[in-house]
């Protein structure tokens, strides 16, 4: 049954160059549908229910045409994991031409040292801070004020400084830096998003986690905020669909977080889907020599069983 729906299904394990969101080996599944290759890469700790939006997106992209596109290439931000300052230059070199840097941050002390190194490399970088809901309200307000006082107006926005919408509202009222909502969207699918504009200034949408193209546009319309499309740590196959999503928004001049293939040991596409002169071209990609990253039999079985369970949830309408 899997072979009928998920043609040429392959489970991959791709080493990361740096630990990113706790991941050192990225596990993901690629497969082919009637319109080309797609990817299902819900992180392994996600349950079947949360993973269903990811698989829904993957099936849509594999078997339906892309939406109408308004540009042929998309501006990309560099993505910087939590690393030591000495590692910054090497990572940023993988994002040639990018003028915006999104930094993962934990506390002000470590983050400020890394940011200082980033700006030493290029003082004209536009900076995004990504907290992944890691701060409470008081910590967020204190840290953002400190960042602003020390570094001035280099910041584009801070992504999800706190977990809940009421917390974001309190931070937004005090923060000198704009607020972007990420987890507040993708972790609460099916809820009313019409009030998020009261708590944030920018909406982060990710092709797989929000359920694909149609759902992303529906959510964006409901939210009513400027949209930045970001990755969920996909291979070049999944990134191609993220690029299509970004290009399908008529009015969008933000750099997008779709250059994360540069964080992998290598891509499964040839050439690798990494930015050139700060941009990525919008086109479908296919795997090339991906057999070198095939998962072992135990992990392959685990993913096959997972895909079957999640697919059955979607078929039963329980997504």
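Rounded to whole Å, give me the distance from the Cα center of the stretch 246-265 to that of the stretch 178-242. Going from one Cα centre to the other spans 13 Å. Between the stretch 140-162 and the stretch 57-90, how many Å separate their Cα centres? Each part reduced to its Cα centre gives a spacing of 24 Å. Helix 137-151 and the longest principal axis of the C-alpha atoms of the chain enclose an angle of approximately 70°. First check a/c for the stretch 222-319, with a ≥ b ≥ c the square roots of the eigenvalues of its C-alpha gyration tensor; if it is under 1.5, answer rounded, and if not, answer prolate when a/b is larger than b/c or oblate otherwise. Oblate is the answer for the stretch 222-319, as a/c is 1.5 or above yet b/c matches or exceeds a/b.
Shape index of the chain: Rg/Rh, with Rg the Cα radius of gyration and Rh the Kirkwood radius from the inverse mean 1/r over Cα pairs, equals 0.95.
Quick one: Kirkwood hydrodynamic radius for the stretch 160-288, alpha-carbon pairs, angstrom, one decimal? Can you show the working numbers first?
Working: mean 1/r = 0.0650 Å⁻¹.
Computed over the stretch 160-288, the radius equals 15.4 Å.
Could you work out the helix-only [θ] at 222 nm for the chain, with each DSSP H run of four or more residues adding -39,500 (n - 2.57) and the total divided by the number of residues, to the nearest 500 deg cm²/dmol? Dividing the helical sum by the residues of the chain leaves -10500 deg cm²/dmol. In the chain, the longest principal axis of the Cα atoms and the axis of helix 48-63 are about 70 degrees apart.
Once you sort the root eigenvalues of the Cα gyration tensor of the stretch 1-87 as a ≥ b ≥ c, which label holds: rounded (a/c under 1.5), prolate (a/b larger than b/c) or oblate (the other case)? Write down the numbers at each step before the final one.
Working: a/c = 2.27, a/b = 1.38, b/c = 1.64.
Cα axes put the stretch 1-87 in the oblate bin.
Label separation (residue 153 vs residue 169): 3.0 nm, computed from points 7 Å beyond Cα along the C-beta direction. Using R0 = 45 Å, the C-beta based FRET efficiency linking residue 122 and residue 49 works out to 0.60. Between residue 109 and residue 7, the simple spin-label model (points 7 angstrom out along Cα→Cβ) gives 5.7 nm.
Between residue 251 and residue 272, what is the FRET efficiency for a Förster distance of 30 Å, r being their Cβ-Cβ separation, to the nearest 0.05?
Approximately 0.50, to the nearest 0.05.
Between residue 146 and residue 34, the simple label model (points 7 Å from Cα in the Cβ direction) yields a spacing of 5.6 nm. Please give the helix 165-174 orientation as an angle from the longest Cα principal axis of the chain, in degrees from 0 to 90, rounded to the nearest 10. Relative to the chain, helix 165-174 is tipped by roughly 30 degrees. Only Cα pairs under 8 Å and 6+ residues apart enter the sum, and on that basis the relative contact order of the stretch 73-281 stands at 24 percent.
Most simply put, the stretch 73-281 has about 15% antiparallel DSSP beta bridges, counting only bridges with both residues inside it.
All of the numbers you see were taken from the coordinates with simple rules; none came from a lab. Bear in mind the structure is a predicted one, so any value in this text is a computation, not a measurement. Don't worry about glycine lacking a Cβ; one is built from the backbone with ideal geometry, like all the others, and counts go over all protein chains shown.
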